[in-house]
Amino acid sequence: MSRASSWSGGAQGNKEDLDMVNALRAREALPQDLHVEWASPLVEELLWLPDVVAGIFARAETGDRTLEDLLSGDHLVERISCD
């Protein structure tokens with residue numbers, strides 16, 4: 001079983017995260033056996049990493065590709081749409 005951690009702060013953020021997890025599972029975009037848990041960024045240091053990566057690609061969408069180019073360099077970056 002794999003694990004993923006999330007934290008959006010507060011009950012509303014957790015509900016939004018849970019709604020997203022359920023929507024992804026319904027579309028079979030997230031494995032059913034992936035255990036998702038909520039944790040505080042004070043306890044789980046890597047929770048900020050997805051926000052940083054998302055910020056980099058959001059800037060790229062507006063035309064600033066500087067950080068995306070640094071991130072993509074010699075690494076495989078696969079973008080998916082979560083409409």
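If only residues of the stretch 40-56 that are closer than 23 Å to residue 69 by Cα and among the small types (Gly, Ala, Ser) are counted, the one that is nearest to the chain's Cα centre (by Cα) is 54. Among the residues making up the stretch 27-67, a single one is among the polar types (S, T, N, Q) and within 18 Å of residue 16 (Cβ to Cβ): 40. Working only within the stretch 58-73, note down all residues that are of a type outside the set (Gly, Ala, Ser) and open to solvent by less than 50 Å² (accessible area, probe 1.4 Å). Residues satisfying the conditions are 64, 68. The residues of the stretch 1-20 that are at pLDDT below 90 and assigned to a helix (DSSP H, G or I), listed by number, are 10, 11, 12, 13, 14, 15, 16, 17, 18, 20. Number of residues in the stretch 32-57 that are modelled with pLDDT of 85 or more, loosely packed, with under 11 Cβ neighbours inside 10 Å and not acidic (Asp, Glu) equals 2.
Residues in the stretch 14-31 that are of a type in the set (Lys, Arg) and open to solvent by less than 80 Å² (accessible area, probe 1.4 Å): 25 alone.
The values are calculated or read from the model by the stated rules, or taken from the named source; none is laboratory data. Remember, predicted model here, so these are calculated numbers, not experimental data. Reconstructed Cβ throughout: ideal geometry from the backbone, glycine too, with neighbour counts over all protein chains shown. Side chains are part of the model used for accessible areas, which takes the heavy atoms of the whole protein and leaves out ligands, DNA and RNA. Shrake-Rupley method; radii C 1.70, N 1.55, O 1.52, S 1.80 Å.
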